[in-house]
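One structure is given below, encoded as structure tokens.
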Amino acid sequence: MKLKILVGTVTGTATQVAQAIQLDCADLVDEIEVGLMDALDIGAFDEDAIYLICSSTYGSGDVPDNAAALLDSLGSQPRYLGQVRYGVISLGDRTYLHTFADGGRKFDERLQDLGARRIGEVWCHDASEGTVPEELAAAWCRQWLAEAVRAALAAP
């Protein structure tokens, strides 16, 4: 089983989170691939894998610039993604109350609209708490990935 982590980032924090997961969770799946969302489109979900969206939030609740084309393609090139199993890590800052962690939530909404099945809840990290997102995300992912693998194996 393969985990494919798609990263949307501005400052590199989401990339660091994905790399921490890659190191910490390598024993749970056959392969973990980390890739930036740069220039991706809806075809990124064609592979037989479990997907993890790892996105920061930028500006007024937007996805990072490197994730915009992928998010836009989910609306402009819609097709049924019922075979896709995914999870979401959304990084944000709660001082922006009305747009907190909206970057990852936007991906979640679009993927669900296309029939993809989210496993577990969206995990959000609040930068204003002063905690280390890499450590917390890796711990969350260990639990999430065990559930995701069970769900993927049980899927028709």
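Numbers for the structure displayed
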{"read-out": "All helices (runs of 4 or more DSSP H) inside the range 61-156 with 1 or more residues being in contact with a His (Cβ under 7 Å, 6 or more places away or on another chain) and more than 22 Å from Asp38 (Cα to Cα)", "value": "133-154"}
{"read-out": "Cβ-Cβ under 6 Å pairs, at least 6 apart or on other chains, the range 84-98 side touching a residue at least 12 places away in the same chain (Cβ under 8 Å), far side among the charged types (D, E, K, R) and not in a loop (DSSP other than H, G, I, E, B)", "value": "Arg85/Arg117; Tyr86/Arg118; Val88/Asp108; Ser90/Arg105; Arg94/Asp126"}
{"read-out": "Residue within the range 11-24 that is exposed (fewer than 15 other Cβ atoms within 10 Å of the Cβ), among the hydrophobic types (A, V, I, L, M, F, W, C), touching a residue at least 12 places away in the same chain (Cβ under 8 Å) and closer than 20 Å to Asp72 by Cα present", "value": "no"}
{"read-out": "Candidates Leu70, Leu74 - the one that is of a type outside the set (Val, Ile, Thr), farther than 18 Å from Ala14 by Cα, surrounded by 21 or more Cβ atoms within 10 Å (Cβ to Cβ) and in contact with a helix residue (DSSP H, G or I) (Cβ under 7 Å, 6 or more places away or on another chain)", "value": "Leu74"}
{"read-out": "Tally of residues being among the hydroxyl-bearing types (Ser, Thr, Tyr) and in a loop (DSSP other than H, G, I, E, B) across the range 49-60", "value": "3"}
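A short reminder: the numbers here are calculations on the coordinates, not readings from a lab. Since the model is a prediction, treat every value here as computed from it, not as a measurement. As a convention, Cβ positions derive from the backbone with ideal geometry for all residues, glycine included, and neighbour counts pool all protein chains shown.
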